[in-house]
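Peer 1: Okay, here's the structure, questions in a sec.
The values are calculated or read from the model by the stated rules, or taken from the named source; none is laboratory data. Note that the structure is predicted; figures quoted are calculated from it, not measured. Positions of Cβ are generated from backbone atoms using ideal geometry, with glycine treated the same way; all protein chains shown enter the neighbour counts. In case anyone asks, the SASA skips ligands and DNA or RNA and just uses the protein heavy atoms, side chains included. Shrake-Rupley method; radii C 1.70, N 1.55, O 1.52, S 1.80 Å.
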Amino acid sequence: MMGQLSRNALQLAAVALLAGCASTPPAPQLVEIPVFTPCVKMAIQAPAYEFDKLGSAATDGEIVLALARDWPRGRKYEGELEAVIAGCR
């Protein structure tokens with residue numbers, strides 16, 4: 001009888017182990033973790049404006065002329081900055 005009991009227990013254990021193998025493993029889940037990455041890859045050099053180099057004794061005419069010459073530089077710089085910022089969207 002003892003041999004029969006241990007044989008039944010062994011069969012029951014084998015069936016239980018095989019039943020565990022028959023179940024499918026849980027499906028892997030995708031977990032997205034936000035990671036900071038800078039969108040600006042290069043620094044844009046600010047232009048050297050003539051207006052900034054004027055002395056305190058500059059006349060109104062010199063100031064106006066310096067601002068007029070600085071205008072295209074400023075617009076170009078502004079365009080480059082907007083292009084970099086647009087790349088971040």
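Peer 1: Of (i) 94; (ii) 147; (iii) 117, which is the value of volume of the Cα convex hull per residue in Å³ derived from the coordinates here?
Peer 2: (ii)
Peer 1: Whole-Hz ³J(HN,Hα) for each residue in the stretch 47-62, computed from phi via Karplus 6.51 cos²θ - 1.76 cosθ + 1.60 with θ = phi - 60°, x for glycine and proline: what do you get?
Peer 2: Those phi angles translate into x, 8, 7, 5, 4, 5, 8, 5, x, 6, 8, 5, 7, 4, x, 5 Hz.
Peer 1: Scan around ALA58 for amide H atoms under 5 Å from its own, H built in the peptide plane at 1.01 Å from N, and keep only partners 5 or more places away or cross-chain.
Peer 2: none
Peer 1: May I ask you to give the solvent-accessible area per residue for the chain, in square angstrom, as obtained with a 1.4 angstrom probe? Numbers along the way, then the final one.
Peer 2: Working: 8150 Å² over 89 residues.
With the other protein chains kept in place, the chain gives 92 Å² per residue.
Peer 1: Mind telling me which of GLN11, GLN29, GLN45 comes out most flexible in a GNM of the chain, alpha-carbon contacts under 10 Å?
Peer 2: Highest fluctuation of the listed residues: GLN11.
Peer 1: Further, regarding this structure: So for ILE85, ILE33, ILE44, what's the accessible-area order with a 1.4 Å probe, most first? Each step should come with its number before you reach the end.
Peer 2: Values: ILE85 95, ILE33 130, ILE44 40 Å².
Of ILE85, ILE33, ILE44, the descending order of accessible area is ILE33, ILE85, ILE44.
Peer 1: Mind checking which of ALA13, ALA58, ALA48 has the largest fluctuation in a GNM of the chain, springs on alpha carbons under 10 Å?
Peer 2: ALA13
Peer 1: In debye, nearest 20: dipole of the chain around its Cα centre with unit charges on the Cβ of K, R (+) and D, E (-)? Kindly include the intermediate steps, with their values, before the conclusion.
Peer 2: Values: 8 positive and 9 negative charges, 140 e Å.
Dipole about the Cα centre, nearest 20: 680 debye.
Peer 1: How do THR59, THR24 rank by accessible surface area computed with a 1.4 Å probe, from largest to smallest? Please report the intermediate quantities before stating the final value.
Peer 2: Working: THR59 75, THR24 120 Å².
Largest accessible area first, the residues go THR24, THR59.
Peer 1: Taking the Cα atoms only, what angle lies between the long axis of helix 2-22 and the longest principal axis of the chain, rounded to 10 degrees?
Peer 2: Helix 2-22 sits at roughly 30 degrees to that axis.
Peer 1: Here's a follow-up. I'd like the accessible area for GLU32, computed on protein heavy atoms only with a 1.4 Å probe and all protein chains in place. Round to 10 Å², please.
Peer 2: Using a 1.4 Å probe on the heavy atoms, I get roughly 150 Å².
Peer 1: Moving on. Along the stretch 80-89, what does the Karplus equation 6.51 cos²θ - 1.76 cosθ + 1.60 (θ = phi - 60°) give for ³J(HN,Hα), rounded to whole Hz, x for Gly and Pro?
Peer 2: 5, 5, 5, 5, 5, 5, 4, x, 8, 7
Peer 1: Pick out which of LYS76, LYS41, LYS53 has the largest mean-square fluctuation in a Gaussian network model of the chain, springs linking Cα atoms closer than 10 Å.
Peer 2: LYS53
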